[in-house]
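Let me begin by presenting the structure, written as C-alpha cells, before commenting on it.
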Amino acid sequence: MHDKIAKILAQLNAVLLGKERQTKLALVCLLADGHLLIEDLPGMGKTTLAGALARTLGLDYQRVQFTSDMLPADILGVSIFDKQLQQFTFHQGPVFTQVLLADEINRASPKTQSALLEAMEERKISIDKHTYPLSDPFFVIATQNPQDQAGTFPLPESQLDRFMMRIELGFPSKDAELLMLKGQYQPQSTEAIIDSLQLNEMQAAVRTVQASDAVLHYLIRLIEESRYGAEYTNALSPRCSKVLLSAAKAMAFIEQRDYVTPEDIQAVFAAVTDHRLNGVNGFKKGGQALSQTLLSNVDPLQ
C-alpha cells in the first residue's frame, strides 16, 4: 500500500509544483473519508488539484460550477412526470458520483449550499419522501474564493463543519512561476494509480491505526482549550475531535506507522480546525493564529 501512496503523492506533486504539504493534507483528508475545502484566490490551481485527486485515485467525478442562480435540484436531481408511464421518474443530479467537485461553492445561495448537508453527513439524499443512497466512497471536494470578493455567500458554520479539512494553496515559488512564464512547465497528465476498491482498503487500514490514551488525552486537552479559553469565539465540537483523530490516523498511515503520535495531530491540526475556529467571519489570518495559539497553549507531555 505504501508504494502506492508514494506514487500518488509523486503524481500530485508533479501537477502542482512546490505544494507538497498541501497535496499530502488533501490525500490525508480522503484517506480519512472526509470532505475537503480548498480556498484561495482565483487562478491558484484549486480546481486542478481537485481534479487530479479524483483521477489519481481512480474515482468517477462530476464538476459543478456553482452560481448565484443555481437551485438545489441542479445538484440533487429532480422528479419529472413521464406521460407514457403516468408517473414521476427521478432523474439523478451530479451528486450521484464518487467525487463531487463543487467549484466556487460560496457563489451559490445558502439554500443551494444547504442541499449538500445531508449528502455530506449521511451519504444519502431525501427527495419527495424517497431516500437515495450515494456512492461508496463519496467525497465532496469544494473550492471557494475569499469571502471579501464580490458575489460570494459565506458558508454557515453547519456547512463548514461538514468539511474535515480546509487548505490554502498559496502563491507558487518564484522558480515555479518562472518556469510557467517561460513555458517550460506544463501540468502533468494524471492517470489512475489505484481504484475505489483499493482506496476502501486503505481507508480500512487507516481505521486500524492505534492511538494511545496519552495521545487521546492530548487531543482532548486541545479541544477543551478551545471551549474554555477566552481567546476562542467558536468552540470545537465533538465532531471536530472525531475527525481530528481520523485525520491524525491517516497522517500516521502515510508516514508508515500503525500508531498516532502528537506530531501527527499537530501536522493536521490547522487544516482541521482553522475553518471551525473562524466560522462565518471568513478565513482571515487570525484563524491560523488561533490554531497556532491553541497548540502552543497545550503541552503534549502533560
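Taking a 1.4 Å probe, which of LEU85, LEU219, LEU290 shows the most accessible area, and what order do the others take after it? Mind showing how you got there, number by number?
On the way: LEU85 105, LEU219 10, LEU290 35 Å².
Largest accessible area first, the residues go LEU85, LEU290, LEU219.
Of all the accessible heavy-atom surface of segment 1-154, with the other protein chains kept in place and a 1.4 Å probe, what percent is carbon and sulfur?
Working: 3510 of 6820 Å².
Solvent-exposed carbon and sulfur of segment 1-154 make up 51 percent of the total.
Ratio of Rg to Rh for segment 223-271, alpha carbon only, Kirkwood? Walk me through the numbers on the way to the answer.
On the way: Rg = 12.1 Å, Rh = 11.5 Å.
Using only Cα positions, Rg/Rh for segment 223-271 is 1.05.
So what is the diffusion coefficient of segment 175-246 in µm² per second by Stokes-Einstein at 10 °C and 1.306 mPa s, using a Kirkwood Rh over Cα pairs?
Working: Rh = 16.7 Å.
Approximately 95 µm²/s, per Stokes-Einstein.
In whole angstrom, how far apart do the alpha carbon centroids of segment 164-219 and segment 24-87 sit?
That distance is 18 Å.
If one takes the longest principal axis of the Cα atoms in the chain, at what angle in degrees, from 0 to 90 and to the nearest 10, does the Cα axis of helix 2-15 lie?
On a 0 to 90 degree scale, this one is about 70.
Would you work out what percent of the accessible area of segment 182-264, with all protein chains in place, is carbon or sulfur (probe 1.4 Å)?
Values: 2190 of 4540 Å².
Result for segment 182-264: 48 percent of the exposed heavy-atom area is carbon or sulfur.
With every protein chain kept in place and ligands, DNA and RNA left out, what is the accessible area per residue of segment 99-174? Probe 1.4 Å, answer in Å². Intermediate values should be presented prior to the final figure.
Details: 3140 Å² over 76 residues.
I get 41 Å² per residue for segment 99-174.
Quick check on segment 93-140: what does the Kirkwood estimate of hydrodynamic radius come out to from the alpha carbon pairs, in Å?
Values: mean 1/r = 0.0887 Å⁻¹.
Hydrodynamic radius (Kirkwood, Cα pairs) of segment 93-140 is 11.3 Å.
Straight-line reach only, C-alpha to C-alpha below 21 angstrom: list the lysines that LYS4 could link to, leaving out same-chain residues fewer than 8 apart.
In chain and number order, the partners are LYS19, LYS24, LYS249.
For the chain, take the longest principal axis of its alpha carbons; what is the angle in degrees between that and the long axis of helix 213-228, to the nearest 10 within 0 to 90?
70
Over the Cα atoms of segment 86-167, what is the Rg over Rh ratio if Rh follows Kirkwood?
Details: Rg = 13.9 Å, Rh = 13.9 Å.
My calculation of the ratio gives 1.00.
Report the full-extension gain for the segment SER196 to ARG227: residue separation times 0.36 nm, less the Cα-Cα distance, to one decimal in nm. Each step should come with its number before you reach the end.
Details: separation 31, 0.36 × 31 = 11.16 nm, distance 3.80 nm.
Extending this stretch completely gives an extra 7.4 nm.
Using only alpha carbon positions, build the gyration tensor of the chain, then give the equivalent ellipsoid semi-axes as the square roots of 5 times its eigenvalues, largest first, whole angstrom.
Values: eigenvalues 185, 113, 92 Å².
Sorted largest first and rounded, they come to 30, 24, 21 Å.
Sequence neighbours fewer than 8 away in the same chain don't count; with that in mind, list the aspartates and glutamates whose C-alpha is under 16 Å from LYS129.
Once the sequence-local aspartates and glutamates are set aside, what remains near LYS129 is GLU118.
If amide H atoms are built 1.01 Å from N in the plane of the peptide, which residues on other chains or at least 5 residues away come under 5 Å of the amide H of PHE139?
VAL99, LEU100
Dividing the Cα convex hull volume of segment 8-164 by residue count, how many Å³ per residue is that? Intermediate values should be presented prior to the final figure.
On the way: hull volume 18.8 nm³, N = 157.
Hull volume over Cα atoms, normalised by residue count, gives 120 Å³.
The values are calculated or read from the model by the stated rules, or taken from the named source; none is laboratory data. Just so it is clear, the model here is predicted, and its values are computed rather than measured. Note: areas computed on protein heavy atoms with side chains; ligands, DNA, RNA excluded. Shrake-Rupley method; radii C 1.70, N 1.55, O 1.52, S 1.80 Å.
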